[in-house]
1. For region 201-287, report the convex hull volume of the alpha-carbon atoms normalised per residue, in Å³, without decimals.
2. How much length, in nm to one decimal, is gained on full extension between residue 94 and residue 167, taken as 0.36 nm per residue of separation minus their Cα-Cα distance?
3. Would you kindly compute the Cα radius of gyration of region 70-176 and its largest Cα-Cα separation (Dmax), both in Å?
4. Could you tell me the distance between the Cα centroids of region 88-124 and region 1-32, to the nearest Å?
5. Cα extents of the chain along the three principal axes, largest first, in whole Å?
6. Which whole-number percent is the relative contact order of region 99-143 (Cα, under 8 Å, 6+ apart)?
7. Give 2/67; 62/244; 67/190; 204/289 a once-over and call out the pairs whose C-alpha atoms are over 32 Å from each other.
8. Enter the Cα centre distance for the pair region 133-203 and region 205-254, rounded to the nearest angstrom.
Amino acid sequence: MKLVFAGTPEVAVPALDALIASERHEVAAVVTRPDAPAGRGRRLVASPVAQRAQDAGIEVLKPLRPKEPAFLERLREIGPDCCPVVAYGALLPRVALDVPAHGWVNLHFSLLPAWRGAAPVQHSIMAGDEMTGASTFLIEEGLDSGPVYGTVTETIRPTDTSGDLLTRLAFAGAGLLAATMDGIEDGSLKALPQPAEGVTMAPKITVGDARVDWAAPALRVDRVVRGCTPAPGAWTTFRGERLKLIQVTSVPDRTDLAPAQLAVGKNSVHAGTGSYAVELLWVQAQGKKPMRAADWARGVRITDGETLGE
C-alpha cells in the first residue's frame, strides 16, 4: 500500500523505521507537528519523526492544523491507501479521515479499551497494572474508541518508569503496526469493535498530578514517581523550593517516620509516607542537575526531623 505516516516524538520513530523497511509498502510522505523551540537557545527544531523522514528522503508535511486546505489538497494528491499514526499530537478532522481508502490506523500504547487518552503508559504504572500492551485501531471521531485490528502484550516490571515501558512498547508496537498494514493490504485482518466494558481514561498528566502526596502509602508514592518519570517528573518541595524525585525505593521495615518526615543516614535519605518509609535515591533540586539523594542531603545539611512538602 501507499502510506502517509503521521507521528511526532521519538517514540514514533521505531514504527516509521519498520514501515520504511517493509518491502510491501511505500511511505510516500510523513505528517508531523510543526518545528518547536528546544534547548537553551529556544531555536526551532524539527520533530524526531521529521528528522528521520528527511534522512530517508521522504516528503514531510507540517500543517499547523490538519484541517488546513493546503494540507488536505496535498494529501489527496498523494492518494494514500492508508495512514498509520503514532503519537501525532493533533485531532484529525473527518475531512482528513475520509481521504485514504483504508482510513487512519493508530498505534496506541495500551490494551484498549483500557487507558484511552494521551497518557496510557503513565496511568497504567500509576494504577499498579501488572500487564499492558499496544493496540492498532481504526481512528474514528471518538477518543481512541475505534475498532481494533490487533494487540501485543507487555509485562510491567516492578522498577519500570514510564520511559522504560514506553521504549519497549515503541519497538513491540512497531512490529504490530507493520503487521497490521500487511493484514489490511491482503484482506486477512478485520477490525473488531472494542468491548463496552473495561473502558478507562488516561488524560494528560499535569504538574499537579505529579506532586507526591506523602500521606499516601509508600506503594502509591513509588508508582507516582515511576509513572511520572521522565515526564512531567514527580516532585515535592523542600524548604519552599521544588525538588524533583527521579527514583525512590520502598523500605518496608522502617515505620518510625511520620508522613514527609526525613531521616538522613551516612549514605541514605529516608522519607516517611502513609505506610512505611521510602528511600530517596536520585533527586534534582531547583536549578541543579540530577544527583544522588545522599549527596543532595549533605549539600543542604538536612537535619533529622525536617519534612518534605508544605
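The values are calculated or read from the model by the stated rules, or taken from the named source; none is laboratory data. Only a predicted model underlies this, so the values are computations on that prediction, with no experimental measurement involved. Because the Cβ atoms are built from the backbone with ideal geometry, glycine has one as well, and the counts that use them run over all protein chains shown. Areas reflect the complete protein model, heavy atoms only, side chains present, ligands, DNA and RNA absent. Shrake-Rupley method; radii C 1.70, N 1.55, O 1.52, S 1.80 Å.
1. Roughly 100 Å³ of hull volume per residue.
2. Result for the pair: 23.2 nm of gain on full extension.
3. So, for region 70-176, Rg and Dmax equal 15.0, 49 Å respectively.
4. 15 Å
5. 68, 47, 30
6. 55 percent.
7. With Cα atoms farther than 32 Å apart: 62/244.
8. 28 Å
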